[in-house]
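> Below: one structure in structure tokens.
The values are calculated or read from the model by the stated rules, or taken from the named source; none is laboratory data. Bear in mind the structure is a predicted one, so any value in this text is a computation, not a measurement. Note that we place each Cβ from the backbone using ideal geometry, even for glycine, and neighbour counts take in every protein chain shown. Just so you know, the surface numbers come from the protein's heavy atoms only, side chains and all, with ligands and any DNA or RNA stripped out. Shrake-Rupley method; radii C 1.70, N 1.55, O 1.52, S 1.80 Å.
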Amino acid sequence: RSRRGGRSRRNAASSEQNSALPQGEPAGQLIISVNADQPEALVVAIVGAGPAGIYAAEALSQHTDLPVEVAVIDRLPVPFGLVRYGVAPDHESIRSIRNTLERTLERPSVRFYGDVAIGADLSVAELRESVDCVIYAYGAGTDRRLEISGERLSGSIAAADLVAWYCGHPDVHPDTAP
């Protein structure tokens, strides 16, 4: 197969280790870099850089019987999902898991590509064409209403909205209180 013969996978993400895509880069110009020393490596893309995605990358990067190159892709410019944006800053013991997650992203066979929106910057078809396997490990983009009495009253705020604002999620403007 052509994916096996080359040293890069076209149409997937920037070739720089742990960096965001160049701004304005068209999807057709994006590349997932594959280690030249292991051209027969299985190339896996993981969509979602929260704990589930990073733990999947860790498990794949520990394979010894088959070399695996992992591209962790996230719509946000930085990794760690809810660990970064869903845990209050004063909960240091919970936030300390980032140290463990960072070690996985430092592995030579794992690369992080931030600020890449699947469906906008890169289509699912382009992603699937560029790698051997895709793992979807992303969370819900919004909370789900419970449709209980009083839920829509003024002053009733969903926990996800409050925490996103409090933790500085990039989708929430800091001057806009929930």
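> Select from the stretch 101-131 the residues that are open to solvent by less than 50 Å² (accessible area, probe 1.4 Å), within 21 Å of HIS63 (Cβ to Cβ) and either assigned to a loop (DSSP other than H, G, I, E, B) or of a type in the set (Val, Ile, Thr) (or both) and list them in ascending order.
THR104, SER109, VAL110, VAL131
> Right, something else. List pairs: first residue in the stretch 158-178 and free of Cβ contacts under 8 Å to residues at least 12 places away in the same chain, second residue open to solvent by 50 Å² or more (accessible area, probe 1.4 Å) anywhere in the structure, Cβ distance under 6 angstrom, at least six positions apart or on different chains.
That search, which allows pairs on different chains as well, returns VAL172/TRP165.
> Out of the residues in the stretch 83-100 that are among the aliphatic types (A, V, I, L, M) and loosely packed, with under 14 Cβ neighbours inside 10 Å, which is nearest to LEU162 (Cα to Cα)? Talk me through it step by step, then tell me what you get.
Let us first name the residues in the stretch 83-100 that are among the aliphatic types (A, V, I, L, M), namely 83, 87-88, 94, 97.
Imposing the further condition that a residue be loosely packed, with under 14 Cβ neighbours inside 10 Å reduces the set to 88, 94.
Working: ALA88: 10, ILE94: 18 Å.
Filtering first and then ranking leaves ALA88.
> Sticking with this structure for a sec: Can you confirm whether the stretch 141-155 contains a residue that is within 14 Å of GLY50 (Cα to Cα) and open to solvent by 70 Å² or more (accessible area, probe 1.4 Å)?
yes
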